[in-house]
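The values are calculated or read from the model by the stated rules, or taken from the named source; none is laboratory data. In this text the structure is predicted, and so the values were computed from the model without any measurement. Heads up, the Cβs are rebuilt from the backbone with ideal geometry, glycines too, and the neighbour counts pull from every protein chain shown. Please note that ligands, DNA and RNA were not included when accessible areas were found on the heavy atoms of the full protein model with its side chains. Shrake-Rupley method; radii C 1.70, N 1.55, O 1.52, S 1.80 Å.
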Amino acid sequence: MEYIKQLDVIGEYDIVIAGGGPGGIGAAISAADMGMKVLIIERAGVVGGNITIGHVSPLMGRYIPNTMADYIIRYLSDDNKPDCNAEEAKIRLTALLDEKGIDVYLNTSLCDVIRADNKIKSIVISTQSGLKAVNGKVFIDGTGDGVLSYLAGEKTEYGREDGLVQPMSIMFTIGGIAPDQKLTCYHEEDETPLKKGGYLQMCRDACKNGELPPEVNIIRLYPGQNSDERVVNATQTNGYNPLELSEYNKAQVALRRQMKMVVDFLKNNVEGFENVFIKDSSDIVGVRESRRVMGQYVLDADSLIDGRPFEDVIVHKADFPIDIHNPAGAGQAESETLPVSTQKYDIPYRCIVPLVNENLFLSGRCISGTHRAHASYRVMNIVLNVAEAAGIAAALCIKNGETNKTLGYKEVQKVLNEKGIELF
Ligand SMILES: Cc1cc2nc3c(=O)[nH]c(=O)nc-3n(C[C@H](O)[C@H](O)[C@H](O)COP(=O)(O)OP(=O)(O)OC[C@H]3O[C@@H](n4cnc5c(N)ncnc54)[C@H](O)[C@@H]3O)c2cc1C
């Protein structure tokens, strides 16, 4: 493309990471700790991805000592709990990346790539001064949506067989809950009795009688930063494609309307919630699922359910159910109540190595797996640990003069081992 020849190159880095969410920052930190010059490109005005702009909390998935998730939880929380506050996280993650010497371009979108001989040479970014280019030796896709991989010609898949993906949602926090009301609800499991009956049944009845939108089903209430707060995971829209601009905004319109209905329902029905109000909400429409980039190995749900070990393991004993928010309606896709359980499982190195480009790694929720497996490994503790390995692998490629395909997975395992991370 002709325009590319005229672009100013405004940066030269060892490792360029597209996306500053958990998949991007985990990789950036582990690579910077290995002496790499690292740049994160982030389209939002702050780093953190779903932790900050998405107001998603808590960081879910099993806690594994000495890992990146362990490190980030300690860094974000004063009491080592995985519940994080988006505002505090904005301050702390910004400071952390700065202390690590990681450069960050904010309000900057990745919009094209320049490639030669199965390698990415540069990425094209959209800035307030027009399109610019940044050169890198190794690139990491932490965009969630697999944007870098898609632009670089990698094979991607979308959703399940019928073309549907998990619903989009807007997370928000409510305040003003009475101190003696302890109600929380993580999945579809909390049967806290209230004056009007069981909480879950109340939610389901309200979905039937129109007090709540039918897709909402259960209003999940996670602990907030303060005892009078809950993080609300309830709104959802089905059938919209998060990668289609007009559909994404339609989802936003529907979800902001749902937020009001959810709050009115809680006020009118749950004792102690009479004075609740929306304290803050996600700045974006939260996307659970979009592109999955195909790699050297495609992790499937059976491997998770059986806890299958892999010789090239880079994340060991990951643990989270196959939590498929129903793409076609309310509740879970595969069960009336709780999501399908897994054993503690391994994620292999080959899942972060894409098929085509030799200097590209996958990180975050876009790594190589099936729709069902993704519904488990997409949670943020697991994402952070995958990211850690992606950053190490990228740094090793530069140090050892290797590509993603020639780099021995044992080299990555060696560095993880040196950090005290259990792999076998
Ligand atoms: C509503 C909702 C509720 C959830 N609940 C939980 C929960 O309770 N606990 C849990 O652990 N997980 C939860 N998850 C899942 C989890 O938040 C995500 O799977 C995880 O954040 C994925 O990390 P990521 O870094 O891949 O993507 P993201 O967190 O989405 O980060 C991607 C980053 O890339 C940036 N980006 C995208 N495209 C570009 C581009 N072209 N150029 C530059 N930057 C770009 C984005 O702005 C973003 O900052 C939830 C997700 C959603 C949507």
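Quickly run through segment 86-110 and pick out the residues that are within 16 Å of the chain's Cα centre (by Cα) and at pLDDT below 95.
A86
Considering V134, V165, which residue is in the same structural domain as T403 (by TED's automatic domain parsing), open to solvent by less than 30 Å² (accessible area, probe 1.4 Å) and not polar (S, T, N, Q)?
Residue meeting the stated conditions: V134.
Looking at the structure I just gave you, is I174 at negative phi, hydrophobic (A, V, I, L, M, F, W, C) and in contact with a Lys or Arg (Cβ under 6 Å, 6 or more places away or on another chain)?
It is true that I174 is at negative phi, hydrophobic (A, V, I, L, M, F, W, C) and in contact with a Lys or Arg (Cβ under 6 Å, 6 or more places away or on another chain).
Keeping to segment 263-274, report how many residues are outside any helix (DSSP H, G or I), buried (at least 19 other Cβ atoms within 10 Å of the Cβ) and out of contact with any helix residue (DSSP H, G or I) (no Cβ under 6 Å at 6 or more places or on another chain).
The total comes to 1.
Pick from segment 224-239 the residues that are more than 13 Å from the ligand (Cβ to nearest atom) and not small (G, A, S): which of them is farthest from the chain's Cα centre (by Cα)?
The qualifying residue farthest from the chain's Cα centre (by Cα) is D228.
Among residues belonging to segment 117-151 that are free of Cβ contacts under 8 Å to residues at least 60 places away in the same chain and within 11 Å of the ligand (Cβ to nearest atom), point out the one that is nearest to R292 (Cα to Cα).
The residue in question is L151.
Just a yes or no: is a residue in segment 168-177 closer than 29 Å to L221 by Cα, open to solvent by 10 Å² or more (accessible area, probe 1.4 Å) and more than 16 Å from the ligand (Cβ to nearest atom)?
Checked segment 168-177: at least one residue is closer than 29 Å to L221 by Cα, open to solvent by 10 Å² or more (accessible area, probe 1.4 Å) and more than 16 Å from the ligand (Cβ to nearest atom).
Enumerate the strands (runs of 3 or more DSSP E) found wholly within segment 2-110, keeping only those where 1 or more residues are surrounded by fewer than 20 Cβ atoms within 10 Å (Cβ to Cβ), among the basic types (K, R) and touching a helix residue (DSSP H, G or I) at 6+ places or on another chain (Cβ under 9 Å).
No strands (runs of 3 or more DSSP E) qualify here.
Among the residues that make up segment 240-256, is at least one of them in contact with a strand residue (DSSP E or B) (Cβ under 8 Å, 6 or more places away or on another chain), buried (at least 19 other Cβ atoms within 10 Å of the Cβ), in a loop (DSSP other than H, G, I, E, B) and not hydrophobic (A, V, I, L, M, F, W, C)?
Yes.
For segment 275-284, name all the residues that are in a loop (DSSP other than H, G, I, E, B), within 16 Å of the ligand (Cβ to nearest atom) and open to solvent by 60 Å² or more (accessible area, probe 1.4 Å).
D283, the sole residue that qualifies.
If you go through segment 407-424, how many residues are part of a loop (DSSP other than H, G, I, E, B) and touching a residue at least 24 places away in the same chain (Cβ under 8 Å)?
Qualifying residue count, segment 407-424: 6.
Pairs needed: first member in segment 200-219, outside the structural domain of E336 (by TED's automatic domain parsing); second member anywhere, open to solvent by 20 Å² or more (accessible area, probe 1.4 Å) and of a type in the set (K, R); C-beta distance under 6 Å; at least 6 residues apart or different chains.
Pairs found: M202/K196.
Quick check on segment 189-233: of everything there that is small (G, A, S) and at pLDDT 95 or above, which residue is most open to solvent (accessible area, probe 1.4 Å)?
Looking at residues that are small (G, A, S) and at pLDDT 95 or above, I get G210.
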